[in-house]
Protein chains: 2
Amino acid sequence: MGAAAHSELLNTGPLAIVAGDGDLPRLLAEECQRNDRAYIVVLFAGFAPDWAVGLPCLKAEFEKPARMFKALHKGGFTCVTFAGAMQRPHLRPLKFDWKFLKLAPTLLPAMKSGDDVTLRTITAIFESEGMQVVGAHDVLETLLAPSGVQTVAKLSKMDWADIKRGFDIAQASGRLDVGQGAVVAQGICLAVESIQGTDAMLRFVAETGDAYRLDPKAARGVLCKVPKPGQDWRVDLPSIGPATVEAAARAGLAGVAVQAGGVLVLGLEQTIAKADELGLFLVGVGRDDTPPAEAES
Amino acid sequence: MGAAAHSELLNTGPLAIVAGDGDLPRLLAEECQRNDRAYIVVLFAGFAPDWAVGLPCLKAEFEKPARMFKALHKGGFTCVTFAGAMQRPHLRPLKFDWKFLKLAPTLLPAMKSGDDVTLRTITAIFESEGMQVVGAHDVLETLLAPSGVQTVAKLSKMDWADIKRGFDIAQASGRLDVGQGAVVAQGICLAVESIQGTDAMLRFVAETGDAYRLDPKAARGVLCKVPKPGQDWRVDLPSIGPATVEAAARAGLAGVAVQAGGVLVLGLEQTIAKADELGLFLVGVGRDDTPPAEAES
């Protein structure tokens, strides 16, 4: 199914934005405002980001899904998107409502698996409530990473080799539902992303990676981000933004490589500007891309 | 080939112990002393551990293999073992001798791959010099991890599930020549070992892992160590010891699981004693082991 055909079938009705960390939920709320699309920001467990002040919000508790779905149905929200990372909650069993208890036999085991299983289960729960789950990039198409080198900084042959190895490692890790990223420098894997996410991985590289770049003048390494093979692209696509580029710079890396069309860039212009400011490259790599012949050696 | 037949074919002549970090080279030197086997400790690049003082040593430089092999041949050392982790050297090209220059076209690209490729190449170089490369466990058979639970602390069903997932992840990581270990708690992967090794991984878990154990009363997580699938078992078998158990305890883990017969335990008695002291479990898991029926739930 082509992208256009896919779009036509998408629910463009009132949108519930389940808000996690970072800029993504704000960007989606702004897109709804631009398009006069009705929306509500769903905030779980006391989460109250500054950007949401003054916007239509629904405070929700993990233990009380019945109340949340009632409010969403009443408001006519037939469409939902999950935006931004959310930590697994420390659940308070005494607060469980009847719907949570009904969902618990499915939901609790799923929460003990990786992110992917958890999110599939949560997606299925919203669908069983008659809501359509859409990806953030279905709401705001320009979020998906474009193909090609986006920055003033270009890539060496060794950078391209690091990207190939980093994509292999990140995909293998994704296949096991471990994470969506890896860092490779001069052929050596300096980190594999786990549940703590990209920022924690890059701090680890900043603290431990220096001794493992054999040639001080050669490639400084690449942060690679790819979606999990076979993952539901409506939820949990990996994302980057200006802060990711800053963290990559602090880790001493040469640049950031993402799968073109498979990673969200939260603020493409700002992300490219930050990369140019810091001298890093940013590249979107297609599935079948090979390093361009003109890569610097 | 059975273990006994394998042993008979092994070179038991004068042994060169190429010494890296940790206790392993010392344990092998002690074993040679016990058996009146001639040996020499090869120390690269100014490495001068306290335990080697007074023992027969050969100082070597990465850039000057010709000199080292000449000394080894002259001393009659027909057998070599690589013991303990060694960091990739920062090479000084101006010091390269003729043999290094001859080896460089093979060796330098290999050093830009993972550990496994590097070590295979170094092994081949020693073999081409007429030396037999043997594993540390060929010198000291009791190094290999035994099967079964070794400690007072036993395993819960969730610990066994964490071990299964940790082994899957560590093996996948090994297949890509990334590392030989992983940490899993309550089904969630908290870390995948990369070039920095087990201690760095466990520090990362100590610093970042707490928020990701959903149920504060459930399984605290397991350090899993396995050899790389298809790796040359004569070199770079993963190893643990009392310090590994201490680091696992600092990371808040419930225990350590190693592949029985596939991981070196440097000081089994001391390692078990340390685990018992800290309340951790230590288990050697066979390839086809399933959790015992009596596992606590």
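Go through the residues of the stretch A:118-133 one by one and say whether even a single one is surrounded by 19 or more Cβ atoms within 10 Å (Cβ to Cβ), in contact with a Ser or Thr (Cβ under 7 Å, 6 or more places away or on another chain) and assigned to a loop (DSSP other than H, G, I, E, B).
Within the stretch A:118-133, one or more residues are surrounded by 19 or more Cβ atoms within 10 Å (Cβ to Cβ), in contact with a Ser or Thr (Cβ under 7 Å, 6 or more places away or on another chain) and assigned to a loop (DSSP other than H, G, I, E, B).
Starting from the stretch A:172-192, keep only residues that are β-branched (Val, Ile, Thr), then list their pairs with residues that are at pLDDT below 95 and not in a strand (DSSP E or B) whose Cβ atoms are within a distance under 6 Å, requiring at least 6 positions of separation or different chains.
A:Ile188/A:Tyr212; A:Ile188/B:Ile195
Only one residue in A:Val53, A:Val42 is assigned by TED's automatic domain parsing to the domain that holds A:Pro93 and touching a Leu at 6+ places or on another chain (Cβ under 8 Å), so which one is that?
When all the criteria are applied, what remains is A:Val42.
Can you confirm whether the stretch A:226-237 contains a residue that is of a type outside the set (Asp, Glu) and modelled with pLDDT of 95 or more?
Yes, the stretch A:226-237 contains at least one residue that is of a type outside the set (Asp, Glu) and modelled with pLDDT of 95 or more.
Report yes if A:Ala48 is at pLDDT below 95, under 24 Å from the mean Cα position of the chain (by Cα) and within 30 Å of A:Arg175 (Cα to Cα), otherwise no.
no
Just to confirm my filter: which strands (runs of 3 or more DSSP E) fall fully inside the stretch A:199-294 and include at least 3 residues that are in contact (Cβ under 8 Å) with a residue 60 or more places away in the chain?
So the answer is A:255-259, A:281-285.
For the list (1) modelled with pLDDT of 95 or more; (2) on the phi > 0 side of the Ramachandran plot, I need the number of the one condition that A:Phe167 fails.
(2)
For every residue, the table says whether it meets (1) out of contact with any Leu (no Cβ under 9 Å at 6 or more places or on another chain); (2) closer than 23 Å to A:Asp210 by Cα; (3) of a type in the set (Phe, Trp, Tyr).
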residue	(1), (2), (3)
B:Gly197	yes, yes, no
B:Ala200	yes, yes, no
B:Asp210	yes, no, no
B:Asp215	no, no, no
B:Pro242	no, no, no
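Among the residues of the stretch B:190-209, which ones are at the interface with chain A (Cβ under 8 Å from one of its Cβ atoms), of a type outside the set (Gly, Ala, Ser) and touching a strand residue (DSSP E or B) at 6+ places or on another chain (Cβ under 6 Å)?
Those that are at the interface with chain A (Cβ under 8 Å from one of its Cβ atoms), of a type outside the set (Gly, Ala, Ser) and touching a strand residue (DSSP E or B) at 6+ places or on another chain (Cβ under 6 Å): B:Leu190, B:Val192, B:Ile195, B:Phe204.
Of all residues in the stretch B:200-230, how many are surrounded by fewer than 17 Cβ atoms within 10 Å (Cβ to Cβ) and within 16 Å of the chain's Cα centre (by Cα)?
Summing the residues that are surrounded by fewer than 17 Cβ atoms within 10 Å (Cβ to Cβ) and within 16 Å of the chain's Cα centre (by Cα) in the stretch B:200-230 gives 2.
Look through the stretch B:135-151, keep the residues that are in contact with a Ser or Thr (Cβ under 9 Å, 6 or more places away or on another chain) and not in a loop (DSSP other than H, G, I, E, B), and return whichever of them is nearest to the other protein chains (Cβ to nearest Cβ).
B:Ala136
Name the one entry in B:Ala71, B:Ala66 that is surrounded by fewer than 18 Cβ atoms within 10 Å (Cβ to Cβ), in contact with a helix residue (DSSP H, G or I) (Cβ under 9 Å, 6 or more places away or on another chain) and on the phi < 0 side of the Ramachandran plot.
B:Ala66
Counting only residues that are surrounded by 18 or more Cβ atoms within 10 Å (Cβ to Cβ) and within 14 Å of chain B (Cβ to nearest Cβ), which one in the stretch A:89-107 is farthest from A:Ser128 (Cα to Cα)?
A:Leu91
Against the condition more than 30 Å from A:Leu91 (Cα to Cα), hydrophobic (A, V, I, L, M, F, W, C) and facing chain A (nearest Cβ under 10 Å), how does B:Ala161 come out, does it pass?
no
Which of the residues that make up the stretch A:165-189 are in contact with a Ser or Thr (Cβ under 7 Å, 6 or more places away or on another chain), more than 7 Å from chain B (Cβ to nearest Cβ) and not in a loop (DSSP other than H, G, I, E, B)?
Those that are in contact with a Ser or Thr (Cβ under 7 Å, 6 or more places away or on another chain), more than 7 Å from chain B (Cβ to nearest Cβ) and not in a loop (DSSP other than H, G, I, E, B): A:Gly181, A:Ala182.
Can you tell me which residue within the stretch B:134-164, out of those that are polar (S, T, N, Q) and modelled with pLDDT of 95 or more, is surrounded by the fewest Cβ atoms within 10 Å (Cβ to Cβ)?
B:Ser147
Please go through the stretch A:152-164 and pick out each residue that is part of a helix (DSSP H, G or I) and among the β-branched types (Val, Ile, Thr).
A:Ile163, the sole residue that qualifies.
The values are calculated or read from the model by the stated rules, or taken from the named source; none is laboratory data. Model, not experiment: these values are computed from the prediction. Counting neighbours? That spans all protein chains shown, and the Cβs are built from the backbone with ideal geometry, glycine included.
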